[in-house]
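The values are calculated or read from the model by the stated rules, or taken from the named source; none is laboratory data. Remember, predicted model here, so these are calculated numbers, not experimental data. Please note: Cβ atoms are built from the backbone with ideal geometry, for glycine as well, and neighbour counts cover all protein chains shown.
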């Protein structure tokens with residue numbers, strides 16, 4: 001493989017950096033695709049991954065809740081209604097640090 005000349009390298013690197021910065025700048029203007037709610041699939045996912053701690057109705061009273069040092073969230077609290085969908089999704093995807101709520105992104 002031939003080495004890249006210094007002249008070419010000094011041209012390519014700034015172009016790549018500018019293209020990356022432009023991508024970051026315009027990323028927020030691209031809307032996320034909305035998917036229609038799939039209640040059947042959502043219910044199955046909740047039953048499989050969430051119900052043991054958060055309970056059947058989301059009150060934080062599931063059978064696994066007693067064994068946890070940090071109580072699972074009660075989704076009926078007023079504060080839960082004030083939380084944005086994006087924040088809820090981040091919590092589910094990435095978990096909560098220093099709590100039993102682990103990340104479910106890869107699931």
*asked:* Residue under question is residue 25, and the condition is that it be loosely packed, with under 10 Cβ neighbours inside 10 Å and modelled with pLDDT of 70 or more; does it hold?
replied: no
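Residue check: is residue 42 at pLDDT 85 or above, under 18 Å from the mean Cα position of the chain (by Cα) and surrounded by fewer than 13 Cβ atoms within 10 Å (Cβ to Cβ)?
On the way: at pLDDT 85 or above: yes; under 18 Å from the mean Cα position of the chain (by Cα): yes; surrounded by fewer than 13 Cβ atoms within 10 Å (Cβ to Cβ): yes.
Yes.
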*Of all residues in segment 63-91, which are touching a residue at least 12 places away in the same chain (Cβ under 8 Å) and either surrounded by 13 or more Cβ atoms within 10 Å (Cβ to Cβ) or closer than 17 Å to residue 42 by Cβ (or both)?*
64, 65, 68, 72, 73, 74, 75
*Give the residues of segment 53-107 that are more than 17 Å from the chain's Cα centre (by Cα) and part of a helix (DSSP H, G or I), sorted by residue number.*
53, 54, 65, 66, 67, 78, 79, 81, 82
